[in-house]
1. I'm trying to understand the selection: among the residues of the range A:80-135, which are among the basic types (Lys, Arg) and touching a residue at least 60 places away in the same chain (Cβ under 8 Å)?
2. How about the range B:33-57: which of its residues are β-branched (Val, Ile, Thr) and within 14 Å of another protein chain (Cβ to nearest Cβ)?
3. Report, by residue number, each residue of the range A:314-368 that is buried (at least 17 other Cβ atoms within 10 Å of the Cβ) and among the β-branched types (Val, Ile, Thr).
4. Identify, by number, the condition in (1) in a strand (DSSP E or B); (2) farther than 22 Å from residue A:108 by Cβ that residue A:162 doesn't meet.
5. Counting only residues that are within 11 Å of another protein chain (Cβ to nearest Cβ) and farther than 16 Å from residue A:36 by Cα, which one in the range A:93-111 is surrounded by the most Cβ atoms within 10 Å (Cβ to Cβ)?
6. How about the range B:5-32: which of its residues are assigned to a helix (DSSP H, G or I), within 15 Å of the chain's Cα centre (by Cα) and within 14 Å of chain A (Cβ to nearest Cβ)?
7. Test residue A:46 against the criterion of being away from chain B (no Cβ under 14 Å), hydrophobic (A, V, I, L, M, F, W, C) and surrounded by 11 or more Cβ atoms within 10 Å (Cβ to Cβ), and give yes or no.
Amino acid sequence: MRSRCWWLLVMTFAASGSQAQTNGWNMPVGVTDVSGDIYGLHMTIFWICVVIGVLVFGAMFYSLFRYRHSKGAKAANFHEHTSVEVLWTAIPILILVGMAVPATATLKNMYDASDAELDVMITGQQWRWRYEYLGEDVAFTSNMSTPRAQISGEEARGEHYLLEVDEPLVLPTDRKVRFLMTSDDVIHSWWVPDLAVKQDTIPGFINENWVKINEPGIYRGQCAELCGIDHGFMPVVVHAMEEEEFDGWLAERKAAAEEEAMGVDREWEMEELVERGESVYQSICSSCHQAEGQGSPPAFPALANNEQLISDVDWHLDKVINGVSGAAMPAFRSTLNPVELAAVVTYTRNAWGNDTGDVVQPSEVAELIAQ
Amino acid sequence: MWTVVKSVLAALLGVQNNRNRQEDFSSDKPGVYIATGVVITLLFVLLLVFLATLAAR
């Protein structure tokens with residue numbers, strides 16, 4: 001009987017060895033040293049639990065069967081056995097301490113964000129992520145790019161349904177990157193399983209975390225803290241590039257940011273602004289005010305044929321730049337740059353029958369923000 | 001004194017045999033047990049603080 005128990009154990013182990021990689025049931029091994037450590041801890045502790053379970057339930061079922069009533073078994077009636085009691089107290093203590101030692105080492109490593117080569121500020125917003133490469137003058141928001149038609153069921157779902165964005169967070173491999181994480185509105189949580197990072201972003205607080213990615217690739221995650229109606233529609237996508245490719249990307253983005261800053265001062269044509277504004281509107285505004293500006297009253301007012309909006313350009317600019325206090329409309333003064341603000345206001349003033357003919361110049365918006 | 005310390009340590013672990021328990025309960029000075037218990041608990045806390053400091057280095 002004893003040999004049969006051992007045989008069961010050996011078979012269980014053998015079955016596990018062949019599927020150490022993830023198969024959708026287990027947590028991912030991930031692409032950082034830390035994620036590998038966490039996976040290792042998880043499996044070690046899992047197997048400790050399996051061994052304990054097999055031994056305890058094995059002993060129990062064996063006793064139930066071997067000493068059953070129909071075979072005339074008589075219950076033992078002794079009361080105490082100090083050495084057995086000490087043993088079954090000491091063994092769990094040793095097991096727990098044995099698990100705590102490697103777990104503590106991993107935790108210490110996870111919390112050590114020192115000596116990072118790149119700092120990225122991650123800000124949660126209802127319902128998008130904003131990434132800022134500190135000291136590099138590069139910042140952008142990352143919005144879900146899954147078309148609304150797929151969500152409403154009018155189109156077939158794509159491969160990365162709800163896990164795709166217009167602009168992913170781009171990171172270098174083999175470089176320690178520190179994340180500084182906060183929120184503009186409510187608590188969100190930035191979660192990418194393959195990077196073993198799941199960190200709450202809390203308004204008024206800055207949390208730290210870090211990654212050092214070993215393999216280039218695209219890693220997907222989601223907001224992991226219920227944050228409002230579009231909680232499920234603010235995915236995280238990380239594009240990890242080789243170091244040289246990343247440096248090239250960063251230089252390109254820096255140059256583009258400089259060019260954009262120069263664009264504030266020049267006079268823009270209406271068509272340019274409308275074209276730019278439409279893309280800003282679709283990625284930022286349409287989740288609440290809807291694709292055709294029809295809104296979703298009463299929380300999200302319609303913009304199409306909105307008389308106050310049509311008649312008062314200053315009121316319109318104020319709402320977009322400063323938000324509406326006590327309502328869902330956030331202030332976009334720091335999320336969008338003056339060109340984007342001017343473009344989106346010009347677009348909404350001339351789309352869906354709002355034919356005001358108004359053109360708002362980026363320079364006017366820059367002046368309003370400076371006030 | 002040694003029997004008191006042994007009893008407190010046994011209580012900390014949660015295992016005591018019946019003979020010692022009867023002996024402890026026949027004592028008429030519970031204050032000694034309580035005081036020893038408080039001191040040993042404090043020592044245990046200090047030990048944990050020491051271990052945590054060691055681990056955090």
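1. A:128, A:130
2. Matches in the range B:33-57: B:53 only.
3. If the condition is that a residue be buried (at least 17 other Cβ atoms within 10 Å of the Cβ) and among the β-branched types (Val, Ile, Thr), then A:320, A:321, A:335, A:339, A:344, A:345, A:346, A:348, A:359, A:360, A:365 are the ones that fit.
4. Every listed condition holds for residue A:162 apart from (1).
5. A:100
6. B:6, B:7, B:9, B:10, B:11, B:12, B:13, B:20, B:21
7. yes
Conditions (1) assigned to a helix (DSSP H, G or I); (2) without any contact (Cβ under 8 Å) to a residue 60 or more places away in the chain; (3) among the β-branched types (Val, Ile, Thr), marked per residue:
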residue	(1), (2), (3)
A:228	no, no, no
A:249	yes, no, no
A:268	no, no, no
A:273	yes, no, no
A:283	yes, no, no
A:316	yes, yes, no
A:327	no, yes, no
A:331	no, yes, no
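Readers should treat all values here as calculations from the given coordinates under stated rules, not as data from a laboratory. All values derive from a computational prediction rather than experimental measurement. Note that we place each Cβ from the backbone using ideal geometry, even for glycine, and neighbour counts take in every protein chain shown.
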